[in-house]
Amino acid sequence: MRKNFVEELKWRGMLAQIMPGTEELLQREMVTAYLGTDPTADSLHIGHLCGIMMLRHLQRCGHKPIILVGGATGMIGDPSGKSQERNLLDSNTLYHNQECIKRQVAKFLDFEAQGENAAEMVNNYDWMKDFTFLDFAREVGKHITVNYMMAKESVQQRLNGTARDGLSFTEFTYQLLQGYDFLYLYQNKHCKLQLGGNDQWGNMTTGTELIRRTLGNDQEAFALTCPLITKSDGKKFGKTETGNIWLDPKRTSPYKFYQFWLNVSDDDAERYIKIFTSLEKEVIDALVEEHRQDPGRRVLQKRLAEEVTTMVHSKEDLEMAIEASGILFGKSTKEALERLDEQTLLDIFEGVPHFELPKEALGAPAVELFTREDVAVFPSRGEMRKMVQGGGVSLNKEKLSAFDRPVTAEDLIDGKYLLVQRGKKNYYLVTVK
């Protein structure tokens, strides 16, 4: 008996809209379904994760997932949910982005699966690149009326002045192009279902309409969407003050990634653990119950952060992120500090005061270095002496035993950093240049 994909999405809070007949089709046969993503960057961010998790659950329920990278549509831009036209990309950039995205998605989907439901990645540029405008107008355009296209909510919003720049013809044709993707996959990959975010519903139903008008009303083509994920305060999910949370460790370090999930609110943690992990219902219910007994322990946030960091990065990255968290918030050692890569070190101490020290100053006593005007960790030498004698000063996570001990190049972390700790919670990062 095949696991019920629609039921799986329902209890996880991942189902927004569904066409009548979709659930019956999924129960009756193995279904090929696709989800599109535009390769506008060389990494996905966590805003893409709900869609990718839908494909993951689909495959785990015995169906075949296709991820479509919009090489062609990425050259145009989609008006749905946007108030401005996006920049167009060249083919080299698109190809590079596609390869990076495939590597990321391979952590969620099984492209090597035995049997018929191995995941597949396709690029709509492959079937659009030789399609002339005249052929497209004749073969696709004639089936969908302008009235039908104008009625779509995404088009209406752009036309009725909620956007500054109106709607270009290029963007207006986007729903036809996306509709044609579905028709092409329907004919060539036996793909009967399109998945996407709720803002895509208009484009997706254009696809099912195009299939029926082109091939006949008896054709089985369906659409299913997940809700747009928000935070409990109504703000956009996945955005922080510093921008997107990316899946690429070069853009968002595993430490920062882990911290994002660890710091979500209780309400959000309860929703997100269902959406962004593959944990079974019984496990999640038990975690929710345990969390409610003692919210202070943040059981849900910890498990959520562990699961997602391991899935997107690796077990080793998770362990490093946990150890890195301990450096700022708990007991730690110089060895742990030295194991960090430079980006993680800078991420951990992003919010602490930073100073710069000229290299020539090394060799001088600590009391001289950390009371300089340009490295004012302590207001005066007397203050520093007193704190060192009371055991309240650490250099690179090791207690400073003498206020006048020389600080040399051998003390540098990563060849250029000194971490000074005053009391339990006050950190200062000194960069030696």
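The rows are residues; the columns are (1) surrounded by 12 or more Cβ atoms within 10 Å (Cβ to Cβ); (2) in contact (Cβ under 8 Å) with a residue 24 or more places away in the chain; (3) not β-branched (Val, Ile, Thr).
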position	(1), (2), (3)
Thr310	yes, no, no
Ile327	yes, yes, no
Ser332	yes, yes, yes
Leu357	yes, yes, yes
Leu362	yes, yes, yes
Leu369	yes, yes, yes
Phe378	yes, yes, yes
Arg385	yes, no, yes
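A count restricted to the range 391-431 and to residues that are more than 20 Å from Ala376 (Cβ to Cβ), open to solvent by less than 50 Å² (accessible area, probe 1.4 Å) and in a strand (DSSP E or B) stands at 1. The set of residues in the range 164-217 that are open to solvent by 10 Å² or more (accessible area, probe 1.4 Å) and in a strand (DSSP E or B) comprises Lys192, Gly197.
In the list Leu345, Leu300, which residue meets the criterion of being free of Cβ contacts under 8 Å to residues at least 40 places away in the same chain and part of a helix (DSSP H, G or I)?
Details: Leu345 fails: free of Cβ contacts under 8 Å to residues at least 40 places away in the same chain.
Only one candidate passes the filter, namely Leu300.
Among the residues making up the range 93-123, those that are out of contact with any helix residue (DSSP H, G or I) (no Cβ under 7 Å at 6 or more places or on another chain) and either of a type in the set (D, E, K, R) or open to solvent by 70 Å² or more (accessible area, probe 1.4 Å) (or both) are Tyr95, His96, Glu99, Lys102, Arg103, Glu112, Gln114, Glu116, Glu120.
Of the residues in the range 31-48, at least one is under 24 Å from Gly179 (Cβ atoms), at pLDDT 95 or above, in contact with a His (Cβ under 7 Å, 6 or more places away or on another chain) and part of a strand (DSSP E or B). Among the residues making up the range 218-251, those that are under 13 Å from the mean Cα position of the chain (by Cα), open to solvent by less than 50 Å² (accessible area, probe 1.4 Å) and in contact (Cβ under 8 Å) with a residue 24 or more places away in the chain are Ile229, Phe237, Gly238, Asn244, Ile245, Trp246, Leu247, Asp248. The residue pairs whose first member lies in the range 390-402 and is on the phi > 0 side of the Ramachandran plot, whose second member is open to solvent by less than 70 Å² (accessible area, probe 1.4 Å) and assigned to a loop (DSSP other than H, G, I, E, B), and whose beta carbons are closer than 9 Å, counting only pairs six or more residues apart or on different chains, are Gly391/Leu400; Asn396/Leu412; Lys397/Ser332; Lys397/Thr333. How many residues, within the range 279-297, are open to solvent by 20 Å² or more (accessible area, probe 1.4 Å) and part of a helix (DSSP H, G or I)? So the count comes out to 12.
The values are calculated or read from the model by the stated rules, or taken from the named source; none is laboratory data. Just so it is clear, the model here is predicted, and its values are computed rather than measured. Cβ atoms come from the backbone with ideal geometry, glycine included; neighbour counts cover every protein chain shown. Heavy atoms of the whole protein, side chains included, go into the accessibility calculation; ligands, DNA and RNA do not. Shrake-Rupley method; radii C 1.70, N 1.55, O 1.52, S 1.80 Å.
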